[in-house]
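The values are calculated or read from the model by the stated rules, or taken from the named source; none is laboratory data. Every value quoted in this text rests on a predicted model; they were computed, and no experiment measured them. A quick note on method: Cβ atoms are made from the backbone with ideal geometry, for glycine too, and the neighbour counts reach across all protein chains shown. Ligands, DNA and RNA are stripped out before the accessible areas are found, and what is left, the full protein with its side chains, is counted by its heavy atoms. Shrake-Rupley method; radii C 1.70, N 1.55, O 1.52, S 1.80 Å.
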Amino acid sequence: MPKTSRPITVHPPTLREVEVVRTVDITPGMRRVTLSGEQLRAFTTAAGFARPAFESQGFDDDLGLYFPYPGHRDPVLPVQGEAKLTVPKDPRPLSRAYTVRRWDLEAGELDVDFVQHGVGVGTTWAYRTRPGERIHLSGPRMSKAFPVGADWWLVAGDDTALPAIGRLLDELPSDARAQVFIEIAEEAHRQELRELPGVDVTWLVRSGATAGTASPLTEAVRGTQWWPGQAFVWLAGEHTAVRDIRRHLVEDRGVPKEDIDFAGYWRRSPVVALETDGAIPDPERTVTPFQKLHDLTELVAPIAIRTAVELGVPELISRGVTSVTELAAKTGADERALGKLLRYLHTLDVLTATEPCHYALTPVGDVLTLEFIADGLHSTGVVGREMLGIHGLTESVRTGRSSYASVTGQTFADVRAEQDYEDRHLERLAKFQPALAGPIATSGLLAGVRHLVIHSGGAGAHAREYVAAHETLRVTICALPAQADWLRRDLPATIPDASQRTRVGVLEQSVFEPGPAADAVLISRAFKTLPDADAAHALRRAAENLTPGGRVLLIEEVFDTDDLDEHDGEADLIGLVCHGSGLRTAAELDAVIARAGLTRRSARTVGLGTTVHELVRATAD
């Protein structure tokens, strides 16, 4: 079956100030806050930046709401720029994400529902706020439309997913077919939801059990009767329950991962309340699992954690294998040595001892079962294998060249030539491309283009958006043999429309070779791996067969020296040790463009703040 897909609309990052106009308790466990204000319409900031009107087209769109730190009157806010929001680092904004329950364009009203539970900055605000109070929000960053190609829906979520599920039922077409499972704390928390003839809604009551410690939701989905046809699955709620349901659907039901949208809205973790106000978390003493895992980056801790991931320890414990003896047997490890590793992970709060020689995952350890986290930590993962090069950082800093071969025995180019690695690398890249390709397709950058050549990871996703938006456009994807092999296998699923797919071709060719005659060449994030001379040569060759008036569309990340970012620094160092290059500053990228004999005609920001440089030959008008 082809993959189902949810077309994406990306919204310009915008900070807005709105006002509370009313509050109402939907149930004893849910309060609705209605927001309104002039900045939900198009407006111009004090700095002169024109911002668009608020939009929310997806049933699971989310917002960022910004709250003051305890003891402060005003919140820390991101800074609105012309095309992005800059987030202060010290302190960072105190923000939480919430679903857009209802957006009424004519009334200019926005509903946000808050679950009443425990100690939480957002929950406490919602139950204390009064009409007239003002609050800042940003988002949605993007909206996803209903899936294309699905015969029916499977929807499962707990109390925190109710706002999205409620809006989904409000907006589904009358002939939709769906099985919906909703877990709530108690019977009184049921809500009146729209009823549809083809939609079965099952309410599951925890009956006093603490949220996240028991999962009637998981058991209900396991026991459901599977309907014929292609299903699209939407899951949201507590991280562990969502993970286990998704695992069951993929492994036991055979649902392709691409047909499951999932979100762990929250995780079990201790919250320390302020001594002066028991309903508000103490931000200095409450650390989220993600924050704590990020802090475990010193020599022994990260290596021990990576060893556990490579052995499969977190995954096994999450599946119920808890004893040192059984873990040693299943991982093929020495029991005494494994016991030492587990004991150390216990001191890091990655594991907790349930009884002598038996362990369970803490909230921090539970994060290690997320696929994208494990991929970055495992030495054979797409990201993890690249990260191995960091062990040669000293050599690279001394020489200015790649040290990857010194520490791994092969160059990173050799790694990329392995078909299995390239397949996984391209699959990972493809997941992130629609949020970039969609805005480019509708931006006007492709106006007048009849033939487009693409050099990019995830190029199939780019091609899909472009040929769908431009009926006469032809696309040629240039790729090395291993990439081309994957693309040919992937294109039927990525572009299921056969008539659109006939306008997309794959050519085995490197970025250093002049491609076929074209009106435009798109090069996306291809130069981080190249030294300046090679990057300039590639740009020059890309422009060689442009038709008169043709242009190169270049997307390349730069290192912003005016706004230093830790993650940019990491990417820069990884580029150095793996390729001898790294991220360029804006001035260094300009020098490469000039060296290629090109000039920048425009620089346009699209999507989530990505800059597309429109380049033409320097001799062109």
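Points worth noting:
- Residues whose amide H comes within less than 5 Å of that of His11, counting only those at least five positions distant or on another chain, are Met142, Ser143 (H built at 1.01 Å from N in the peptide plane).
- Protein heavy-atom accessible surface, 1.4 Å probe, per residue over the chain: 47 Å².
- For Leu507, the residues whose amide H sits under 5 Å from its own are Ile477, Cys478, Ala479, ignoring neighbours fewer than 5 places away on the same chain, with H placed 1.01 Å from N.
- Ordering 331-337, 311-317 by mean Cβ neighbour count within 10 Å, with the highest value first, yields 311-317, 331-337.
- Separation of the range 550-584 and the range 353-401, taken as the distance between their Cα centroids, equals 22 angstrom.
- Taken one residue at a time, the phi angles of the range 164-176 give Karplus couplings (6.51, -1.76, 1.60, θ = phi - 60°) of 5, 5, x, 5, 4, 5, 4, 9, 5, x, 5, 9, 5 Hz. Gly and Pro are set to x.
- Gap separating the Cα centres of the range 325-339 and the range 11-41, nearest whole Å: 53 Å
- Protection proxy ranking, peptides 237-244, 606-613, 161-168, 555-562, average beta carbon neighbours within 10 Å, highest first: 161-168, 237-244, 606-613, 555-562
- The mean sequence distance of close C-alpha pairs (under 8 Å, at least 6 residues apart), as a share of the length of the range 520-621, puts its relative contact order at 33 percent.
- When you count the other C-beta atoms within 10 angstrom of each residue and take the mean per peptide, 577-583, 370-376 line up highest first as 577-583, 370-376.
- Scaling the Cα radius of gyration of the range 173-263 by the globular reference 2.2 N^0.38 Å produces a ratio of 1.11.
- Principal axis dimensions, the range 337-417 - Cα atoms, whole angstrom, descending: 50, 24, 19
- Mean residue ellipticity (222 nm) of the chain, computed from DSSP H runs ≥ 4 via -39,500 (n - 2.57), nearest 500: -9500 deg cm²/dmol
- Area of Ser318 that stays accessible when all protein chains are in place (1.4 Å probe, Å², to 10): 30 Å²
- Karplus-derived HN-Hα couplings along the range 469-474 (A = 6.51, B = -1.76, C = 1.60, θ = phi - 60°), whole Hz, x at Gly and Pro: 7, 10, 5, 9, 6, 9
- The 1.4 Å probe gives accessible areas that order Phe59, Phe432, largest first, as Phe432, Phe59.
- The range 403-422-the range 148-199 distance, computed between alpha-carbon centres (Å): 47 Å
- Exposure of Phe146 as accessible area (Å², to 10), given a probe of 1.4 Å and all protein chains: 70 Å²
- Fraction of antiparallel bridges per DSSP, the range 467-621 only, in percent to nearest 5: 50 percent
- Relative contact order (percent, whole number), the chain, Cα cutoff 8 Å, 6+ residue spacing: 10 percent
- A simple rule links phi to the HN-Hα coupling: the Karplus curve 6.51 cos²θ - 1.76 cosθ + 1.60 with θ = phi - 60°, which for the range 333-349 gives 9, 6, 4, 5, 5, 5, x, 5, 4, 5, 4, 5, 4, 5, 5, 8, 6 Hz, with x for Gly and Pro.
- Summarising the amide proton neighbourhood of Phe43: residues at separation of 5 or more, or on other chains, whose placed amide H is nearer than 5 Å comprise Arg51.
- Percent carbon-and-sulfur accessible area, the chain, ignoring ligands, DNA and RNA, probe 1.4 Å: 51 percent
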